[in-house]
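K.L.:
Could you have a look at this structure, given as structure tokens, before my questions?
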Amino acid sequence: MATIEQWLEALLHFCEEIPQHKDQLNQLDSAIGDGDHGSNMTRGVQAVKDKLDTSSYSELTDLFKDIGMTLVSKVGGASGPLYGSAFISMAKTATESSDPTALMAAGLEGIKKRGRAEPGEKTMIDVWQPLVDKLHAGQLTQEAVSEAFQNTKEMKASKGRASYLGDRSIGHLDPGAQSSAYLFDCLMKAGVLNE
Ligand SMILES: Nc1ncnc2c1ncn2[C@@H]1O[C@H](COP(=O)(O)OP(=O)(O)O)[C@@H](O)[C@H]1O
Ligand SMILES: [Mg+2]
């Protein structure tokens, strides 16, 4: 079972990865949205990093709660409340379980509830859902992460800003799916989620 140190390592790594991919995430969002996903997420993870750097945690629930609250309050745009809901939902589940699969499944439920979206609507859920399924099956791999992200390309958006484009959203990768793929990558690299 992953330790709190591993979770911290993974999440701090995510806070570094996002700003490094800010332009790429903005570009993905320019094609089917308003071009701010990288900027939104960068603002959020920089605030998260400040919070983590000045706090110490002995319980996962407190770590996730701080991340969730920070993302909700600092990120404008749809992605802040969505990622925030994921971490707040993980914080609730962490009071009962520290199983990474159960925690990621709780994160997925938080996103679904907040965004009222289901798989196949070309959102971050299209990374979270198949990868949580893989976790349950004990089959999460790097390939599964990139495959889930790539699969958003041919989907037609029916939630979020990209849905305004209708059929013209087809052929573009979803920005929130990309940032979520980075999150899963970081969790795998730190050994929180096992390949
Ligand atoms: N209802 C929803 N459920 C799940 N994810 C969503 C939903 N609406 C949007 N998203 C995700 O949010 C991303 C856009 O985030 P962002 O650009 O930061 O916010 P905004 O759309 O407000 O500009 C999309 O790429 C998609 O993955
Ligand atoms: Mg946007």
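None of the figures in this text is laboratory data; all of them are computed from the coordinates on show. Remember, it's a predicted structure, so these values are computed and weren't measured experimentally. All Cβ positions, even for glycine, are placed from backbone atoms using ideal geometry, and neighbour counts span all protein chains on display.
K.L.:
Looking at region 121-173 only, could you name the residues that are farther than 26 Å from M188 by Cα, away from ligand 2 (no atom under 16 Å from the Cβ) and among the hydroxyl-bearing types (S, T, Y)?
P.N.:
Residue satisfying the conditions is S158 alone.
K.L.:
While we're looking at this one, here's another question. Restricting to region 116-132, count the residues that are of a type outside the set (F, W, Y) and assigned to a helix (DSSP H, G or I). Give the derivation first.
P.N.:
Pass one, region 116-132, residues of a type outside the set (F, W, Y): 116-127, 129-132.
Then keep just the ones that are assigned to a helix (DSSP H, G or I); that gives 125-127, 129-132.
Number satisfying all stated conditions: 7.
K.L.:
Sticking with this structure for a sec: Examine region 4-14 for a residue that is aliphatic (A, V, I, L, M), within 16 Å of ligand 2 (Cβ to nearest atom) and without any contact (Cβ under 8 Å) to a residue 60 or more places away in the chain, and state whether such a residue exists. Can you show your working first?
P.N.:
Pass one, region 4-14, residues aliphatic (A, V, I, L, M): 4, 8, 10-12.
Now drop any that are not within 16 Å of ligand 2 (Cβ to nearest atom), which leaves none.
No: zero hits.
K.L.:
Just checking, which of A105, A117 is touching a helix residue (DSSP H, G or I) at 6+ places or on another chain (Cβ under 6 Å), more than 10 Å from ligand 1 (Cβ to nearest atom) and of a type in the set (G, A, S)?
P.N.:
Working: A117 fails: more than 10 Å from ligand 1 (Cβ to nearest atom).
None of the others qualify; the one that does is A105.
K.L.:
Could you check L135 against (1) free of Cβ contacts under 8 Å to residues at least 24 places away in the same chain; (2) part of a helix (DSSP H, G or I); (3) farther than 19 Å from G80 by Cβ and say which number it fails?
P.N.:
(1)
K.L.:
Out of the residues in region 149-168 that are of a type in the set (G, A, S) and surrounded by fewer than 23 Cβ atoms within 10 Å (Cβ to Cβ), state the one that is farthest from I111 (Cα to Cα).
P.N.:
Taking region 149-168 and keeping what is of a type in the set (G, A, S), we get 157-158, 160, 162-163, 166.
Now drop any that are not surrounded by fewer than 23 Cβ atoms within 10 Å (Cβ to Cβ), which leaves 158, 163, 166.
Details: S158: 15, S163: 17, G166: 22 Å.
Looking at the filtered set, the residue picked out is G166.
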